[in-house]
Amino acid sequence: MKFVQTGTFRENYLEEIVDFKSLENIENMFLEKLDYFIGFVSKEKPEIITKYVKNLVKKYQGLAEDNLFEKPSEKIKKILVKYIYLSQYPDLIKVSLNYFINLLQAKEKNVLDMPEVKITKKALIQAWIYHSYYFLQALTETIDREEAVKLFKHYITNYYLEHPPTSRGEFVSLEKRLEDRTSGDTTSSEWVLVHTMLEDGKYAFKNKNCPTLADTMVDLTDVELKYLVACYGDYQKFRGTTNENIILTMEHTIIQGDSYCSRVLHDTRIDYDLRHPPKEFWDNFEPGKEEEAMKYYKKKK
């Protein structure tokens with residue numbers, strides 16, 4: 001057994017500039033999830049939807065520093081008509097789009113009407129994830145927090161079940177997945193990972209950094225909500241991008257304050273033992289420390 005590290009730590013990664021195509025990205029980054037969530041709450045908790053939307057409108061109003069969105073252009077109107085739940089709440093559309101534009105931190109005010117603008121990677125990631133954090137926070141302020149968390153988990157799993165990846169490649173095995181990830185150019189990625197096969201059908205990997213979500217969300221204070229919007233969907237997403245027989249276990253995450261994220265993909269066609277290796281294994285999960293780490297893995301929990 002061998003532990004292999006890939007990726008390279010990159011300073012100032014979040015300050016790098018990217019081209020943002022507004023009309024191509026606003027739907028999959030923002031509108032689809034918000035519309036689905038409003039619809040989900042409407043169906044699961046119809047008695048609270050009016051109060052919830054009111055709370056969410058107030059939330060987004062308080063978050064936007066500038067008024068950058070007055071009314072939708074004809075192009076945006078054509079996009080919005082497909083979202084049947086959002087269409088019922090024009091005030092929510094207005095304030096949420098205004099907040100989204102504020103998050104982009106673009107110099108131009110008419111961002112949504114431009115084919116392309118330049119923004120930082122940090123702004124791109126914030127525009128993708130911050131609105132979800134706040135629509136979950138608004139839910140915890142509308143109903144009991146435990147109930148809100150349970151409802152959100154139900155929502156995010158169903159969302160990814162109903163929005164599977166459109167370009168999933170052929171899945172052969174976890175061994176092939178490990179081979180693909182640890183061959184060729186292994187240094188260009190900004191994600192620093194350690195990989196190994198623990199045994200047949202068990203592919204373990206450790207994130208030593210989270211250069212996107214954890215590094216971007218440092219100013220958000222509610223750790224539980226950050227974990228839910230940033231990490232919880234991974235359970236269904238990994239199954240969706242590999243195979244329905246693959247189950248992810250994950251017990252440590254950087255976003256919750258751990259020094260790494262610990263993950264194992266289990267192929268249940270081979271073994272349905274889903275026990276996650278103990279912390280001592282992950283602490284020693286480094287190239288050159290194979291023998292020490294495996295002492296702890298063999299003990300298991």
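With Rg and the Kirkwood Rh both taken from Cα atoms, where does Rg over Rh land for the chain? Here the Rg-to-Rh quotient is 0.99.
Highest mean first, the peptides 282-288, 63-69 sorted by other C-beta atoms within 10 Å per residue fall in the order 282-288, 63-69. Spacing of the modelled spin labels on Asp144 and Ile247, each 7 Å from Cα toward Cβ, amounts to 2.8 nm. Counting only lysines at least 8 places from Lys75 when in the same chain, those with an alpha carbon closer than 19 Å to its own are Lys21, Lys94, Lys109. Solvent-accessible area of Arg275, all protein chains in place: 120 Å² (probe radius 1.4 Å, heavy atoms, ligands and nucleic acids excluded). From most to least packed by mean Cβ count within 10 Å, the peptides 122-135, 172-185 give 122-135, 172-185. Extension gain for the segment Lys279 to Gln105, taken as residue separation times 0.36 nm less the Cα-Cα distance, is 58.7 nm to one decimal.
Helix 290-299 axis versus longest C-alpha principal axis of the chain: approximately 80°, rounded to the nearest ten. A simple packing score, the average count of other Cβ atoms within 10 Å per residue, orders the peptides 197-209, 140-152 as 197-209, 140-152, with the highest score first. The shape of segment 160-243 can be summarised by an equivalent ellipsoid whose semi-axes, obtained from the alpha carbon gyration tensor, come to 25, 18, 13 Å from longest to shortest. Per residue, the accessible area of segment 160-282 comes to 45 Å² when a 1.4 Å probe rolls over the protein heavy atoms. Note on Ile17 and Lys78: the model spin-label points, each 7 Å out from Cα along the C-beta direction, lie 3.0 nm apart. Label separation (Glu190 vs Lys299): 3.8 nm, computed from points 7 Å beyond Cα along the C-beta direction. Rounded to the nearest 10 square angstrom, His252 shows an accessible area of 20 square angstrom against a 1.4 Å probe.
By how many nm would the segment from Val223 to Asn158 lengthen if fully extended, with 0.36 nm per residue of separation less the alpha-carbon distance? So the extension gain works out to 21.1 nm. For segment 72-153, the extents of the C-alpha atoms along the principal axes are 42, 30, 17 Å, listed from largest to smallest.
You can think of it this way: the chain between Gln88 and Val4 has 25.1 nm of extra reach, that is 0.36 nm per residue less the Cα-Cα gap.
For Asp113 and Thr50, a Förster radius of 22 Å and the Cβ-Cβ distance give a FRET efficiency of 0.10, rounded to the nearest 0.05.
The 3J(HN,Hα) values that the Karplus relation (6.51, -1.76, 1.60; θ = phi - 60°) gives for segment 215-220 are, in residue order, 5, 7, 8, 4, 7, 8 Hz. Gly and Pro appear as x.
Taking 26 Å as the limit for the C-alpha separation, the pairs Lys43/Lys122; Lys206/Lys295; Lys54/Lys150 exceed it in the case of Lys43/Lys122.
The values are calculated or read from the model by the stated rules, or taken from the named source; none is laboratory data. The structure presented is a predicted model; accordingly, all values stated were derived computationally and were not measured. As a convention, Cβ positions derive from the backbone with ideal geometry for all residues, glycine included, and neighbour counts pool all protein chains shown. What goes into the accessible areas is simple: the full protein's heavy atoms, side chains included, and nothing from ligands, DNA or RNA. Shrake-Rupley method; radii C 1.70, N 1.55, O 1.52, S 1.80 Å.
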